[in-house]
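Let me begin by presenting the structure, written as structure tokens, before commenting on it.
The values are calculated or read from the model by the stated rules, or taken from the named source; none is laboratory data. Note that the coordinates shown come from a computational prediction; the quantities given were computed from them, not determined experimentally. In this analysis, Cβ positions are derived from the backbone assuming ideal geometry, glycine residues included, and neighbour counts consider all displayed protein chains.
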Amino acid sequence: MIVRVSGEDQYRLEESAHAELNKLDTAVLAAIDAKDETAFKTAFAQLLGFVRANGARIGDEEIETSDLILPPDDITLAEAAQEFTGEGLIPD
């Protein structure tokens, strides 16, 4: 699975990471639904941190289509409320 963090890099993650991505995405959605800015920032940072720590960065010379595009790390709660809708950003 190829994941892009907007304004940053692309990362190649193993399919086995999908369950953890879903768990982290669910925590982000819960924080958005609760309109809890602190919980949102924490949960979203954990999601991005997981991608960065567990994914292999794809070099600039390699062109890959992203399976998933995550917003940049400076997204606000209000912006996220518009992007993280329904089942979240991570497709099942």
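Quick check on this structure: which one of Ala30, Ala45, Ala53, Ala39 is in a helix (DSSP H, G or I), more than 13 Å from the chain's Cα centre (by Cα) and exposed (fewer than 15 other Cβ atoms within 10 Å of the Cβ)?
Ala30
Given the conditions (1) over 14 Å from Asp73 (Cβ atoms); (2) modelled with pLDDT of 95 or more; (3) touching a helix residue (DSSP H, G or I) at 6+ places or on another chain (Cβ under 9 Å), report the number of the one that Leu21 does not fulfil.
(2)
In the range 56-72, what count of residues is obtained for those that are among the β-branched types (Val, Ile, Thr) and surrounded by fewer than 12 Cβ atoms within 10 Å (Cβ to Cβ)?
2
Would you check if Asp92 is assigned to a loop (DSSP other than H, G, I, E, B), under 19 Å from Ser16 (Cβ atoms) and either charged (D, E, K, R) or at pLDDT 90 or above (or both)?
Spelling it out, Asp92 is indeed assigned to a loop (DSSP other than H, G, I, E, B), under 19 Å from Ser16 (Cβ atoms) and either charged (D, E, K, R) or at pLDDT 90 or above (or both).
Please indicate, with yes or no, whether at least one residue in the range 2-14 is surrounded by 13 or more Cβ atoms within 10 Å (Cβ to Cβ), among the acidic types (Asp, Glu) and either in contact with a helix residue (DSSP H, G or I) (Cβ under 8 Å, 6 or more places away or on another chain) or modelled with pLDDT under 95 (or both).
Within the range 2-14, one or more residues are surrounded by 13 or more Cβ atoms within 10 Å (Cβ to Cβ), among the acidic types (Asp, Glu) and either in contact with a helix residue (DSSP H, G or I) (Cβ under 8 Å, 6 or more places away or on another chain) or modelled with pLDDT under 95 (or both).
For the list (1) more than 19 Å from Ser16 (Cβ to Cβ); (2) outside any helix (DSSP H, G or I); (3) touching a residue at least 40 places away in the same chain (Cβ under 8 Å), I need the number of the one condition that Ser66 fails.
Ser66 satisfies every listed condition except (1).
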